[in-house]
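The values are calculated or read from the model by the stated rules, or taken from the named source; none is laboratory data. For clarity, every value in this text was computed on a predicted model and none was experimentally measured. Note that each Cβ is placed from the backbone with ideal geometry, even for glycine, and that neighbours are counted across all protein chains shown.
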Amino acid sequence: MTTWLLRRLVQAVFVMLAMTVIVFVGVNVIGDPVEILISPDADQAERLRVIAAFGLDKPLWEQYLHFLGGVVQGDLGKSFVFNEPALRLIGGRFPATMELAFTAVALSVIVGIPLGLYAGLKPDGLLGRAIMAGSILGFSLPTFWVGLMLIMVFAVQLGWLPSTGRGTTAEFLGIQWSFLTRDGLAHMVMPATNLALGNIALVLRLTRAGVRENLGLEYVKFARAKGLSPSRVLFVHVMKNIMIPVVTVIGLEFGSVVAFAVVTESVFAWPGMGKLIIDSINVLDRPVIVAYLMMIVVLFVTINLLVDLMYTVLDPRVRLDGRE
Amino acid sequence: MREETPFRRFVSEFAASKVAVIGFVVVVIVALLALLAPLLAPQNPYDLAQLDIMDGRLAPGAKSLTGMVFWLGTDDQGRDMLSGIMYGLRISLSVGVGSAVIAGVVGSSLGLLAAYVGGWVETAIMRLVDLQLSFPAILVALMILAFLGKGVGNVMLALVIVEWARYARTARGAALVERRREYIEAAECLALPQWRVLFRHLLPNCMPPLIVIGTIQVARAITLEATLSFLGLGVPITEPSLGLLIANGYQYMLSGKYWISFYPGIALLVTIVAINLMGDQLRDVLNPRLQR
């Protein structure tokens, strides 16, 4: 276990190093670093000063080491727009995105699993087939368009829900949260639903497939033969086995939920880091772009590690160190 | 009695699903609408001489000052939405299909190479595929467009970089099975050049799964392009795809002018669903594991 964890940590460090190289090459070789580091309205003297200060006249590998040094110390430059350290800026928006992402994942489990169980138990029923047909829409509908339609129906036509922003927030552990106030919750309903749609479809399909596969297996017959109630067989015995793939996929999908929050946040003007990155790309605020990318890489590597760990807890058959 | 050829069998198996046939028909209609837009559209939405700003934001069914009926309404510039959608389909489809084809060629070649050569080449290519697929497509595309800036060419490049890995993985998987077959051994015994074995013998036999992936990837590419354009990072205003049309209507939606965003979205949705329905049936027909 310890050996495995160590090996994975070393691997994670290498992936992160590889990403710093990609981001560095992207910013400094493909893009123009002078344009990135200096605001567009700087004069010539300022340009030369910054070029010297950042060592842009030095060889590339030396520049890379300098960049890496900054990354390690958490110094990724200042945002041109907000004139604040880029990393702090991203960090400030981080809770809003996480709140939205976690709510969306929770929604996809709460809605997806019951629907999937039903569709799995009654695959030929009218409702079961309708659920499956609906899940195809969940995959096919473009997220941003669904968001627009939600706004049109529930905010413009019916006027039930607010369409933009986080609403009133309340402080908890020194961070502002929306889910603690009524108004904040109302603001969260549409963005969270929008972000969850694709994953509801995914969880639903996985659960349905799991139910259909497991119901035919020996252990289910045995449990029934033992005289257990059908609900106990389903919710205790079958459920445990379905949860393995579902948890893995939810864990792995958490990263894409955070990535897709970029779209949802833009539609609903949710002030998270996804909205910030789009605004930053549009005004070429590149220190913020770099900070966002590095943050996302760290997040992804962490998620992958956690999912693997969780896997062993849920399924004791998986041995991480590879021994039989 | 007609002779049964592999193609005829394929057609009859595909036609076994009515939904898939409907999907195919819709895809053909959409493609024709896009191709023939200059002939069919009531108006050329890029020809400023045909536009009148006085016709701006008219509701569906309204008439223009010159008596033309705007069946799907107009946008803020007074463009007929129906024409705008037909021209937008041209951009969306060409970007989607174009990037899927390029990604298919690049990805399949690398996948075949990995399976055929093996060794460190295979390791290097497949590690790259794993790394690529561990990040969501939208994120990789955002990153590339953040570095390169927007534009049709850059969007296509981003889509190709996002998509190639799936083809590579599929091609390698298929090729690993096929390369152990006798016909490859026979070709090698004939001392044919390696590229010929690779592309004339191995590739055609790896095509079925690649066609399935390709169909689904076209739908994915169209969605992703629309998303990127909606975010303002995709195609420029001068070449509006469906995503950009939807984005243009966003600001008018809060005042109840739904049609500017709604109809392009429906066009996008119908296209994607139709392609996916076709892809589903193709997977069933072409999947060698399901064949008798």
### Query
In this structure, is residue B:121 within 14 Å of chain A (Cβ to nearest Cβ) and assigned to a helix (DSSP H, G or I)?
no
### the range A:271-282 - residue that is free of Cβ contacts under 8 Å to residues at least 40 places away in the same chain and in contact with a helix residue (DSSP H, G or I) (Cβ under 8 Å, 6 or more places away or on another chain) and, of those, farthest from the other protein chains (Cβ to nearest Cβ)
A:277
### Message
Just the residues that are under 16 Å from residue A:86 (Cβ atoms), at pLDDT below 70 and not in a loop (DSSP other than H, G, I, E, B), please, taken from the range A:36-76.
### Response
A:36, A:37
### Message
Step by step: first the residues of the range B:241-279, then only those that are touching a residue at least 60 places away in the same chain (Cβ under 8 Å) and of a type in the set (S, T, N, Q), then the one that is farthest from residue B:24 (Cα to Cα). Which residue is that?
### Response
B:248
#### Entry: Residues satisfying the stated conditions in the range A:288-303, i.e. surrounded by fewer than 19 Cβ atoms within 10 Å (Cβ to Cβ) and within 11 Å of chain B (Cβ to nearest Cβ)
A:299, A:303
### Query
Restricting the search to the range A:117-155, which residues are more than 8 Å from every other protein chain (Cβ to nearest Cβ), within 21 Å of the chain's Cα centre (by Cα) and of a type in the set (Val, Ile, Thr)?
A:146
### Message
I need the helices (runs of 4 or more DSSP H) fully contained in the range B:177-292, keeping only those with at least 1 residues that are within 29 Å of residue B:115 (Cα to Cα).
### Response
B:182-189, B:203-230, B:259-286
### Task
Could you tell me which numbered condition residue B:285 fails, if it satisfies all but one of (1) away from every other protein chain (no Cβ under 12 Å); (2) in contact (Cβ under 8 Å) with a residue 40 or more places away in the chain; (3) closer than 27 Å to residue B:144 by Cβ?
(3)
### Summary
Being within 14 Å of another protein chain (Cβ to nearest Cβ), surrounded by 14 or more Cβ atoms within 10 Å (Cβ to Cβ), under 23 Å from the mean Cα position of the chain (by Cα) and of a type in the set (Gly, Ala, Ser) narrows B:158, B:171, B:165 down to just B:158
### Query
List, please: which pairs have Cβ atoms under 7 Å, are six or more places apart or on different chains, and start with a residue in the range B:78-90 that is under 18 Å from residue B:257 (Cβ atoms) and end with one that is of a type in the set (Asp, Glu)?
B:78/B:52; B:78/B:55; B:81/B:75; B:84/B:75
### Task
Among the numbered conditions (1) basic (Lys, Arg); (2) away from every other protein chain (no Cβ under 14 Å); (3) crowded, with 17+ Cβ neighbours inside 10 Å; (4) in a helix (DSSP H, G or I), tell me where residue A:166 comes up short.
(4)
### Task
Report whether or not residue A:285 is out of contact with any Cys (no Cβ under 9 Å at 6 or more places or on another chain), away from chain B (no Cβ under 12 Å) and among the acidic types (Asp, Glu).
no
### Message
Considering only the range A:100-119, I want to know if a residue exists there that is closer than 29 Å to residue B:229 by Cα, surrounded by fewer than 19 Cβ atoms within 10 Å (Cβ to Cβ) and at pLDDT below 80.
### Response
no
### Message
Within the range B:251-270, take every residue that is facing chain A (nearest Cβ under 9 Å) and of a type in the set (Ser, Thr, Tyr) and give me the one that is nearest to residue B:82 (Cα to Cα).
### Response
B:261
### Message
Going through A:175, A:90 one at a time, which residue ends up being more than 30 Å from residue B:273 (Cα to Cα) and at pLDDT below 80?
### Response
A:175
### Summary
Of the candidates B:243, B:279, B:214, B:234, the one satisfying the condition of being facing another protein chain (nearest Cβ under 10 Å) and either surrounded by 18 or more Cβ atoms within 10 Å (Cβ to Cβ) or not hydroxyl-bearing (Ser, Thr, Tyr) (or both) is B:243
### Query
Just a yes or no: is a residue in the range A:68-84 touching a residue at least 40 places away in the same chain (Cβ under 8 Å) and within 14 Å of chain B (Cβ to nearest Cβ)?
no
